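Trainee: Please find one structure pasted underneath; my questions will follow.
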Amino acid sequence: MIREPDQQLVLITGATGNLGRATAAAFARRGARLALLARDREALERTRDELGTGITVECLACDLLAPDALGAELARLVERHGRLDTLANLAGGFAMGTPLHQTSDADWDRMLDINVRTLLHGARAAVPHLIAGGGGAMVNVSARAARPAGAYMGPYSAAKSAVIALTETLSAELRDQGINVNCILPGTVDTPENRAAMPDQDPGDWVEPAAIAEVIVFLASPAARAVTGAAIPVYGRS
């Protein structure tokens with residue numbers, strides 16, 4: 001069962017990034033309780049402070065690549081709040097690379113770690129709590145570059161393709177337990193980093209993090225109760 005946002009405890013991984021902050025703000029406007037997870041406690045506290053007052057926000061300084069610590073942190077979180085309703089798996093990252101035949105194992109490992117293993121560890125820690133709470137939602141982040149893949153981004157595209165496959169697997173395994181699992185495929189996102197990296201392009205065609213956050217909130221709401229296993233493009237005009 002997916003509850004209304006104002007009845008939810010929402011766990012957001014990668015909460016200090018551009019999309020994480022926008023998603024936290026979107027859920028906060030709807031009255032959700034928030035658990036913000038990232039490695040940097042100071043950045044988490046800045047994100048919490050940006051949300052203003054009158055909102056229940058917990059800051060979880062935890063490494064998604066340390067599964068035992070993550071599991072213990074989530075167990076304590078649920079003990080304090082009673083249940084977990086939504087997991088927004090937003091942790092991830094992008095890097096251009098070399099031609100595929102020149103790509104190092106280290107480059108492969110980095111893209112798989114930050115885009116796939118973070119998802120796997122987040123799901124492993126959160127799903128038992130979602131089941132125990134009677135259901136909920138999980139939203140993962142793939143990318144437009146997953147379909148089709150582009151030159152010089154083999155590890156990134158492969159990792160984001162894996163996110164789609166894992167989303168479909170999790171959906172098939174969990175839908176009968178009241179948990180909807182979907183992923184989004186952003187195009188070029190309008191962030192300060194992308195503006196600096198691509199100064200000759202028109203950011204007016206890119207997708208704002210706030211617009212993507214609205215899609216995430218929708219997928220974690222009762223309005224999307226019939227949507228599971230989907231890979232949803234959020235390209236805008238990019």
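Trainee: Can you work out which of the residues in region 187-197 that are surrounded by 13 or more Cβ atoms within 10 Å (Cβ to Cβ) and without any contact (Cβ under 8 Å) to a residue 60 or more places away in the chain is farthest from N89 (Cα to Cα)?
Mentor: Of everything passing the filter in region 187-197, N194 is farthest from N89 (Cα to Cα).
Trainee: Being crowded, with 16+ Cβ neighbours inside 10 Å, closer than 30 Å to M1 by Cα and of a type in the set (S, T, Y) is the filter here, so list the residues in region 198-238 that pass it.
Mentor: S221, T228, listed by residue number.
Trainee: For region 113-130, check the following and say yes or no: at least one residue is touching a residue at least 24 places away in the same chain (Cβ under 8 Å), within 29 Å of A32 (Cα to Cα), assigned to a strand (DSSP E or B) and under 19 Å from the mean Cα position of the chain (by Cα).
Mentor: no
Trainee: From the list A38, A22, which residue is in contact with a Ser or Thr (Cβ under 6 Å, 6 or more places away or on another chain), touching a residue at least 40 places away in the same chain (Cβ under 8 Å) and under 26 Å from S161 (Cβ atoms)?
Mentor: Matching residue, one of A38, A22: A38.
Trainee: Would you confirm whether or not region 198-221 contains a residue that is of a type in the set (D, E, K, R), in contact (Cβ under 8 Å) with a residue 40 or more places away in the chain and within 21 Å of G133 (Cβ to Cβ)?
Mentor: No, because not a single residue in region 198-221 is of a type in the set (D, E, K, R), in contact (Cβ under 8 Å) with a residue 40 or more places away in the chain and within 21 Å of G133 (Cβ to Cβ).
Trainee: I've got another one for you. Any idea which residue in region 63-102 is modelled with the highest pLDDT, counting only those that are surrounded by 16 or more Cβ atoms within 10 Å (Cβ to Cβ) and within 15 Å of S157 (Cα to Cα)?
Mentor: G92
Trainee: Moving on to the next point. Take region 131-150 and flag every residue that is open to solvent by 20 Å² or more (accessible area, probe 1.4 Å) and either without any contact (Cβ under 8 Å) to a residue 12 or more places away in the chain or not hydrophobic (A, V, I, L, M, F, W, C) (or both).
Mentor: Listed by number, the residues that qualify are G134, R144, R147, P148, G150.
Trainee: Here's a follow-up. Is there a residue being among the polar types (S, T, N, Q) and either under 16 Å from G133 (Cα atoms) or open to solvent by 60 Å² or more (accessible area, probe 1.4 Å) (or both) anywhere in region 29-48?
Mentor: no
Trainee: What is the residue count in region 131-174 for residues that are among the hydrophobic types (A, V, I, L, M, F, W, C) and assigned to a helix (DSSP H, G or I)?
Mentor: 14
The values are calculated or read from the model by the stated rules, or taken from the named source; none is laboratory data. Because the structure is a prediction, the values reported are computed rather than measured. Note that we place each Cβ from the backbone using ideal geometry, even for glycine, and neighbour counts take in every protein chain shown. Accessible surface areas use protein heavy atoms only, side chains included; no ligands, DNA or RNA. Shrake-Rupley method; radii C 1.70, N 1.55, O 1.52, S 1.80 Å.
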